[in-house]
Amino acid sequence: MDRIRLRGGRPLKGVIPIGGAKNAALPLMAASLLTDGPLVLTNAPALDDTRTMAKLLEQHGLAVAHDQEARTMTLGGTATNLVAPYDLVRKMRASVLVLGPLLARYGEAKVSLPGGCAIGTRPVDLHLKGLEQMGAKIELDSGYMTARAPEGLRGAKVYFTQVSVGATENLLMAATLADGITELVNAAREPEIDDLAHCLIAMGAKIEGIGTDRLRIEGVKSLHGATHAIVPDRIEAGSFACAAGITGGEVLLQGARLEHLGTVARVLREAGVEVDEAPEGVLVKRLSGLRGVDVMTEPFPGFATDMQAQFMALMAVAEGASMITETIFENRFMHVPEMNRMGARINVHGSSAIVRGVSRLSGAPVMATDLRASVSLILAGLAAGGETIVNRVYHLDRGYERLEAKLAAVGADIERLPG
Ligand code: EPZ
């Protein structure tokens, strides 16, 4: 297993290119199941998770070509297999996003229950309840969900009892081919959902209310191919903004969009990190000391749960204390014991962590446990004296492309040690 070795203490300076968003690319790839026509996705990131999604779509019978030089992915074809197998779904929970499209287009789907993951149990009850309201018959048996809608799906008014990104995406895609009008109430509003909706409209879907928590979809008979540019990754951008902040550097996040950082930008400013719109993206610098700031994770436009671990690394070396409350997932503090091994002073009480800033962290061998925890340990290593070795970086490779190369290009002393 690969490891990453880094030595901290250098302020990062320069330009970091921000890639297409992982959490937009995955639902967009699943949307290719809604039509035979070729779906061309530009600004497509090359990640372990997109490679897993490509494998899943190929075993359904689609052709997926990813020209990594051109950063363009072309997907198309007719599904010949309607089963999403356990060995792929267990590797990536977002596989469940094929359920809505397969059901809407082919009237049937058999998808392995995704099971939980390191950060939580992550049920899919909201996905299933919504699809049943649209007329699907769903049975759970031997770890699989078998869904059928022989007469097709029908429009329905679906009220989400909890904001769910995946459930919103699954039902949005299913509704595009349902008979009649579907309303999704209390829908998630993440930029990746807006991006999916814009792509579906380019494919011929009729969707209103984009950017709000109430989506209205009028079903159509069929969708056609389209070309769509994937939105830049706001979590990658936020992660590198924290890297600039924690090292006291100045970095241009090329291609990033300030409005997609939401509350993260406001909180970074409160902590003493300057975050400003620039012609080519977002400019981040830190000239003064870091201050402790309290945050609570919330659905967009609130503070993103996918930025919680990264922000905690920043707070670990801030002046004063910070209370960080995780309201979305039940077990997303696994980076805490690893940061404390580097000299951080963090105490977890239920869903809140109290971080008491220290003047300096010390490098140490640490263990990555999940995607965002991995990058938070690299951020801590960038600020630490001495050498840090991050083990199990396969977690990192799921969602960050060439992370160590991007950081080395702006002055970090970092390298990958092949496992
Ligand atoms: C998406 O996961 C993202 N993944 C996650 O990013 C992100 O953390 C999450 O949204 C929240 O923003 C992708 O987009 C591929 P949810 P998703 O459904 O859709 C509960 C990363 O690091 N829930 O919004 O699975 C659930 O347990 C990953 O890139 C139900 O109870 O998240 C959680 O507590 C990690 N029943 C909360 O809702 C359901 O049917 C939010 O989950 C569905 C969800």
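The values are calculated or read from the model by the stated rules, or taken from the named source; none is laboratory data. Computed from a prediction, not measured in an experiment: that's the story for all the values here. As a convention, Cβ positions derive from the backbone with ideal geometry for all residues, glycine included, and neighbour counts pool all protein chains shown. We work out accessible area using only protein heavy atoms, side chains counted, and drop any ligands, DNA or RNA first. Shrake-Rupley method; radii C 1.70, N 1.55, O 1.52, S 1.80 Å.
Tabulated data
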quantity	calculated
Surface per residue (accessible, 1.4 Å probe) for the stretch 280-392, Å²	36 Å²
Within the chain, percent of DSSP bridges classed antiparallel, to nearest 5	70 percent
Per-q log10 I(q)/I(0), the stretch 110-267, q = 0.14, 0.15, 0.18 Å⁻¹ (Debye; single scatterer per alpha-carbon; no solvent)	-0.82, -0.90, -1.14
Accessible area per residue in Å² at 1.4 Å probe, computed on the stretch 43-114	37 Å²
Fraction of antiparallel bridges per DSSP, the stretch 292-399 only, in percent to nearest 5	55 percent
Farthest positive-ward along the stretch 1-137 dipole, Cα basis, beta-carbon charges - from 38, 14, 88	14
Whole-percent carbon and sulfur share, accessible surface of the stretch 259-389, 1.4 Å	52 percent
Sequence-separation-based contact order of the stretch 6-121, relative, with Cα cut under 8 Å and 6+ spacing, percent	24 percent
Within the stretch 140-263: Cβ-based charge dipole about Cα centre, in debye rounded to nearest 20 (Lys, Arg +1; Asp, Glu -1)	340 debye
Base-10 log of normalised Debye intensity for the stretch 61-131 (one unit scatterer per alpha-carbon) at q = 0.14, 0.24 Å⁻¹	-0.54, -1.11
Hz values of 3J(HN,Hα) by residue in the stretch 145-160 - Karplus curve (6.51, -1.76, 1.60), Gly and Pro given as x	9, 10, 10, 9, 9, x, 8, x, 8, 10, x, 8, 9, 9, 9, 7
Structure-based [θ]222 nm, the chain - -39500 (n - 2.57) summed over DSSP H runs of at least 4, per residue, nearest 500	-8500 deg cm²/dmol
Equivalent ellipsoid dimensions for the chain as semi-axes, Å, which come from the Cα gyration tensor, largest first	38, 21, 20
Loop-resident sites, the stretch 132-199, for GluC sites (Glu not before Pro), counting at most 12 other Cβ within 10 Å (DSSP)	151
Most mobile listed residue (351, 142, 288) in the chain, GNM with C-alpha springs under 10 Å	142
Relative contact order (percent, whole number), the chain, Cα cutoff 8 Å, 6+ residue spacing	21 percent
Coil-residue trypsin sites (Lys or Arg not before Pro) of the stretch 312-392, DSSP, other Cβ within 10 Å capped at 12	none
